[in-house]
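In what follows, a single structure is set out as C-alpha cells and then discussed.
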C-alpha cells in the first residue's frame, strides 16, 4: 500500500506543493530535450539522405567542439575558430565520403552502420591524440552567446532560466525549420531523399552520389558543431559527451528515423520525461535512473508502436 | 597441394555430415588442441598465460555467444557486456551464499541466470527488428549496469562497490583467489571453453543452427516453412546470454580475481561486437580469430615501439589502439566483410592448389 | 465426376484490402485433390495476394478458407505449414547464406524432432535424425537433378537453378498442397521444359495438389487441369483450359487475339 502511494500519489503531490520546482524541472527537461533533438537531427539527416545510421554522429559532435576549443586555446579568435571548425567538418565529410562511403556503395545498410562504428573509434583515438582527454571549457562569451540567467519570480517561488539555454532553444528551432524546408522544397533535398531510398536508382537518374554524400555529411557536421557548442556551453567538452549521444537513439525510436519533426517531438518527450522521472521518482530507487530511463521510455513505446510516432510503417512484400 | 581433398571419398551420409569431413581439417584441429593443452603450458611464460591466453579464451567464449546471436540469427545485441556482468555477479552471490558447492557448478549456474535475464530482455525483440532491437539491448546494458552499482545486495554491500574473489578449490587445487596459479586457471578455462565450443559447433551444424540461419536470411520464408520465429529467436538469446554469463563468471573468478561495474560497461559490449565483426559473422572460428586480434592488438601497439627503439606514452598507445581498431574495422568491411574467417577460408583454398595459382 | 470430398481447398468469398487498396474482392473457387490449378491474370490482379491468404500470411477482411474440410478465417503461416501447405515465391526467397543441401534440409524443419539437449551433443539421436533426413533430401536432389550443386551457396547459383532449389525446399516439406508463384519467370525454353517436367512429375508421382501462378499461357494451358482467371481482384472465369481460352472476358482482359 505504501509503495503504491509512493509511486502513484506522492510524486504528484510534490509537484503540486512546489510548482516552481516543477516548472524548473520541466524547463531543464525541455532544454535537455532540445539538445537531444539536435543530436537526433544529425542522425535523421544522414539516415534520411543516405540510408546510413551514423553511429559516429556523437563523436563528430565532440570532435567538432574540440576543434573549436582547441583552436581557441591556441590563440585563434573565437569567430575565426568557428569558421575553421566548419572547414574541418567539411574536410571530414570529404574524407568520409572518399574512404568510407565510396568503397562501400550499395552494400547492405548493416555494413555501413558497422563502418560508422569504425569511424567512431578512429575519431575517438584521433581526437584524444590531438586534443588530449581533459575536459575543455567552451568559450561562450567569445562566440557571442549570452551568459547568466533570467530569474522569474512566479508560482510562489523562483524559476531560473539560463540565457544560454534560451539561446540553444532558439538556434535549434531555426536549424530545424531550415532543414525541414531544405528537404521538402529544394532540388538537392529531393535528390537526398532519392539517394536514401535506393543508391543504384539514384545513380541511374544522374544524381551524383559522391556530391550528395559530401553535402549530407557536411550538413550533419554543421549540426554536430552547433550541438557540440550548445552542449559544451552547459557542461564542458569532453569525451563523456559521446556516450550521452547514445541517448539520441531513444529519441529516434519515438520520433522515427526519418522525420525531422519527429526528432524534435521525440527529443522533448525524452528530455522532459527523463528529468521528471529522475527528480520525482528517482529518489524511490536510489537515484541515477537517468542513465537508462530514456531507453525504458523508448522501449515501452516500441511495444505499442514499433515504427515510432512519425516513422513510416514498413509493409513487407513477398 | 597440402589441402587437397582428392581421394577422400565419403561412402556414407554420416561421413559427409561430419563437421570436419576433410582429413586435413581434423589433423589441424588436433594440432591446435595439442598446442593449447601441451604446447602453450610448456613454452609460455606467466605473462603469456595469465595476460594473453586466459583473457583471449574468455573473450572468445563471449564472442561465440554473440556470434550465435548476430552472425547466425541476425539479431543485434549491444548489451553483451552487461550480460557478462550478470554472470559474474550471479556467480559471486551464489558462491558466497553457498561456498561449499564446487565453484564450477556455480559458474555454469550463473550462465543459466544470465540466460534467464537475456530471455527477459529478448522478449521485446519479437515485435521489433533491426536497430530497434539494438535499443532494447542498450536499455538492458544501461539498466543492468545501474543495478550493479545501486543494488548493494549484489556485491554483498561491500563499501568499495567492487567484488573480490575468495579462494575456491577443485580436487584440492586452488583455482580462484590469490593462491591459484595461472597455469591451473588456464587449464580450467581451457577445458570449459573447449567443451562449450564443442556444444556450440554441434548446435550450429544441426537443425537448430539451420533454423537460426533461416530466420536470419528470410524470416518470412522460414515462417512459411513451419519455423516458429519466437522460439528460435528466444533460443538464440538464451544460448548467447548463457555463453556471455559463463564468460563473465570466468572473467571475474579465473582472470581478474575482482571486478567493478565498470568492467561490464558499454565499451565492453562494443569491443565484443568488433571481435565478432572482424572475426567474421556466422563463424565460430571467426569468434576466436576476432578475439585474438582485438585482444592482442593493444599489446602489440604497446610493445612494438619499444622493440623498435621508439618510446610512446601508455596514453598515446591507447589512443593509437583506438585508431587502429577503427581502421581495421573499416578495412575489413571494405576488403572482406566476412572477416578473418573468410580470409582463412581463402587461405585454405590457396593451399588446395599451391603451388599452382589456380 | 468429383464429389464434395474431392475438394482439398475451398476459398469462400474472400476479400482483402490494404488500407484503401482492394487487392481481392469477393473471390471464390476451389481446388480438387490431385489437380493442377492455375491462377492467371494481368499484373496487379491479386494472384500473389491470393496465395498469401492461403498461406496465412495475409488475413482477409471477409470470407474464409477451408482446408481438408476445416474452415478457418485466420491462420498463422506456421499453421499452414504444419497442415501441409508449401510455397515458392515470386522473388526467390531462398536462404542465401546456406548451401543447396542446407536449404532443402531446412525444409524438413517440421519433421525434425530431436531435442535441444541431444543437439548439443550431436552424436546420438540428433545425428541419426540428420542422416535420415539427409537421405530424404538426397532423393529430392536426385529428382530435381541438382546433385552437382548440392554444396554450393545458393547465392552463387544462376536464377533458374535457384528456382529449382526453392522447389526442392518446398518439396522437402512433403506438402499436400504446393503453391507455386511464377515458377518459370525468367527462364528460357529449356529451363521451362525442365520445370514443367518436374511439376508434372511431382503431381503424378507424389500426388501433390498444385496451385500455380504463371504468365506463360502455353505452359498454363498444357499443364493445368483447371484455371481461375483474376482481374483487378475479381474472378472473371473459372473452368478447364478449353473453356477459359475461349471465354470472351478472358480474351478481352488478358489473352488477346491472334493477329
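The values are calculated or read from the model by the stated rules, or taken from the named source; none is laboratory data. The shown structure was predicted, so the numbers you read here are calculated from the model rather than taken from an experiment. We place every Cβ from the backbone using ideal geometry, glycine too, and count neighbours over all the protein chains shown.
Annotations for the structure displayed:
Every residue, every condition in (1) within 8 Å of another protein chain (Cβ to nearest Cβ); (2) within 19 Å of residue C:51 (Cβ to Cβ), yes or no:
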site	(1), (2)
C:63	no, yes
C:77	yes, yes
C:81	yes, yes
C:93	yes, yes
C:117	no, no
C:125	no, no
C:132	no, no
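- Among helices (runs of 4 or more DSSP H) entirely within the stretch A:1-78, having at least 3 residues that are over 28 Å from the mean Cα position of the chain (by Cα) singles out A:10-17.
- Scope the stretch A:198-249; condition closer than 29 Å to residue B:79 by Cα and outside any helix (DSSP H, G or I); matching residues: A:235, A:236, A:237, A:238, A:239
- The stretch C:209-238: number of residues that are touching a residue at least 60 places away in the same chain (Cβ under 8 Å) and part of a loop (DSSP other than H, G, I, E, B): 6
- Any chance residue C:139 is assigned to a loop (DSSP other than H, G, I, E, B), more than 16 Å from residue C:98 (Cα to Cα) and not assigned by TED's automatic domain parsing to the domain that holds residue C:78: no
- Residue within the stretch A:94-115 that is away from chain B (no Cβ under 14 Å), closer than 23 Å to residue A:48 by Cα and modelled with pLDDT of 85 or more present: yes
- Qualifying residue in the stretch B:300-309 (condition: over 28 Å from residue A:107 (Cα atoms), more than 14 Å from chain A (Cβ to nearest Cβ) and outside any helix (DSSP H, G or I)): yes
- Total residues in the stretch A:231-276, condition farther than 14 Å from residue A:301 by Cβ and within 13 Å of chain B (Cβ to nearest Cβ): 10
- Among residues of the stretch C:207-220, those that are surrounded by 15 or more Cβ atoms within 10 Å (Cβ to Cβ), within 18 Å of residue C:6 (Cβ to Cβ) and more than 10 Å from the chain's Cα centre (by Cα), counted: 1
- Sole residue being within 14 Å of chain A (Cβ to nearest Cβ) and either farther than 21 Å from residue B:120 by Cβ or under 19 Å from the mean Cα position of the chain (by Cα) (or both), chosen from B:137, B:169, B:176: B:137
- Scanning the stretch A:131-148 for residues that are farther than 20 Å from residue A:241 by Cα and exposed (fewer than 14 other Cβ atoms within 10 Å of the Cβ) gives A:141, A:142, A:144, A:147, A:148.
- For the stretch A:197-230, filtering for residues that are crowded, with 24+ Cβ neighbours inside 10 Å and under 15 Å from the mean Cα position of the chain (by Cα) leaves 9.
- Of all residues in the stretch C:134-152, those satisfying the criterion of being touching a residue at least 24 places away in the same chain (Cβ under 8 Å) and either crowded, with 17+ Cβ neighbours inside 10 Å or within 11 Å of chain B (Cβ to nearest Cβ) (or both) are C:134, C:136, C:137, C:140, C:141, C:144, C:146, C:149, C:150, C:151.
- Hey, residue C:71 within 21 Å of residue C:209 (Cβ to Cβ) and touching a helix residue (DSSP H, G or I) at 6+ places or on another chain (Cβ under 6 Å) or not: no
- Condition met for residue C:243 (crowded, with 16+ Cβ neighbours inside 10 Å and either touching a residue at least 40 places away in the same chain (Cβ under 8 Å) or more than 20 Å from residue C:163 (Cα to Cα) (or both)): no
- Residue within the stretch B:148-156 that is over 22 Å from the mean Cα position of the chain (by Cα), surrounded by fewer than 23 Cβ atoms within 10 Å (Cβ to Cβ) and assigned to a loop (DSSP other than H, G, I, E, B) present: yes
- Residues that are surrounded by fewer than 19 Cβ atoms within 10 Å (Cβ to Cβ) and farther than 20 Å from residue B:293 by Cβ, drawn from the stretch B:40-88: B:41, B:42, B:43, B:45, B:46
- Summed over the stretch B:310-348, residues that are surrounded by 12 or more Cβ atoms within 10 Å (Cβ to Cβ), within 14 Å of another protein chain (Cβ to nearest Cβ) and either under 19 Å from residue B:277 (Cβ atoms) or touching a residue at least 24 places away in the same chain (Cβ under 8 Å) (or both) total 21.
- Helices (runs of 4 or more DSSP H) contained in the stretch B:172-227 and holding at least 3 residues in the same structural domain as residue B:105 (by TED's automatic domain parsing) and within 23 Å of residue C:120 (Cα to Cα): B:182-205, B:207-217
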